[in-house]
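Encoded as structure tokens, the structure appears first; notes follow it.
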Amino acid sequence: MSQTDGQGGTAAGWYDDPAGSGGLRWWDGSRWSDHVQPAQQAAPQQAPQQQPAPQASGQYAYPAAPAYGSQPGAEPRRVDPGTPVYGPFIWIITLLPALSLLLLPLSFTGFEDMIRSEMQSGGTGYGMTGGLSGGALLAQSAATLFGWLIYGAGVVLAFFDRKWLLARGFDRPFHWAFAFIPAPVYPIGRSIVVRRRSGRGIAPMWVSIGLLALSLIIGIAVTVWIFSITIGMMNSLDYGSFRS
């Protein structure tokens, strides 16, 4: 190659085939094409019809197709500064676990009566009500029902939160289906994706992590309480006494 395009590169044209075919191969100004013809039929500077270049081995190698993600537009675009990142849906989703914690007293209503009934029956069974009063059964049923409603509300709100983000120009936000996982996966994933698109919006993640830590602490406290109630009941009923 001896011709230049005025910018320090080699001008497009027919040149000796570097693959060693003995003919001429078309150089488009940036790469070799797969168009080859005998040297005597060359038409200088006449560009052939462009076709995808296959990949070959040997001295001459055609360029490979670019990897996914390297094409223009593959990287998610960033939103304009000042675009809202917090909507009502994400905050409700984030704070729903706090409501679940408030239902814990209902879930353990009549727990002592249930343990006492089990010990007095000698471990043969709870009966139809498990030793619980009608009020305790109603409270535990309500806690279970509200728990499922909270779970379903989180999934539905995640769907609308994703639509809220799309309407404000967020490209490929975190998918709402992750809300089906019974953990703060959606608020955390949503916060990370929004932060990448806007540089802001990480607060729901930290609130979710804080509530998760609080849930673990309360879970440990409840476990200790259950253990102490059970041991105390066993001692009072001489059911495998732990006293020395």
## Note on the structure
When every residue in the range 199-210 that is among the small types (Gly, Ala, Ser) and assigned to a helix (DSSP H, G or I) is compared, the one surrounded by the most Cβ atoms within 10 Å (Cβ to Cβ) is 208
### Message
Consider the range 162-182. How many of its residues are in contact (Cβ under 8 Å) with a residue 24 or more places away in the chain, open to solvent by 40 Å² or more (accessible area, probe 1.4 Å) and assigned to a loop (DSSP other than H, G, I, E, B)?
### Response
3
### Message
Here's a check for you: in the range 73-120, which residue that is over 19 Å from residue 190 (Cβ atoms), hydrophobic (A, V, I, L, M, F, W, C) and in a loop (DSSP other than H, G, I, E, B) is most open to solvent (accessible area, probe 1.4 Å)?
### Response
108
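Taking residue 117 as the residue in question, decide whether it is among the hydroxyl-bearing types (Ser, Thr, Tyr) and modelled with pLDDT of 80 or more.
Details: among the hydroxyl-bearing types (Ser, Thr, Tyr): yes; modelled with pLDDT of 80 or more: no.
No: the conditions fail for residue 117.
The rows are residues; the columns are (1) within 25 Å of residue 96 (Cβ to Cβ); (2) open to solvent by 70 Å² or more (accessible area, probe 1.4 Å); (3) among the hydrophobic types (A, V, I, L, M, F, W, C).
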{"position": "192", "(1), (2), (3)": "yes, no, yes"}
{"position": "197", "(1), (2), (3)": "yes, no, no"}
{"position": "212", "(1), (2), (3)": "yes, yes, yes"}
{"position": "215", "(1), (2), (3)": "yes, no, no"}
{"position": "221", "(1), (2), (3)": "yes, no, yes"}
{"position": "232", "(1), (2), (3)": "no, no, no"}
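Every residue in the range 21-36 that is in contact with a helix residue (DSSP H, G or I) (Cβ under 8 Å, 6 or more places away or on another chain) and hydrophobic (A, V, I, L, M, F, W, C), please.
24
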### Task
Working only within the range 177-224, note down all residues that are farther than 15 Å from residue 90 by Cα and polar (S, T, N, Q).
198, 215, 223
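The values are calculated or read from the model by the stated rules, or taken from the named source; none is laboratory data. The model shown is predicted, which means the values in this text are computed figures rather than measured ones. A quick note on method: Cβ atoms are made from the backbone with ideal geometry, for glycine too, and the neighbour counts reach across all protein chains shown. The protein model used for the area step is the full one, side chains on, heavy atoms only, and it has no ligands, DNA or RNA in it. Shrake-Rupley method; radii C 1.70, N 1.55, O 1.52, S 1.80 Å.
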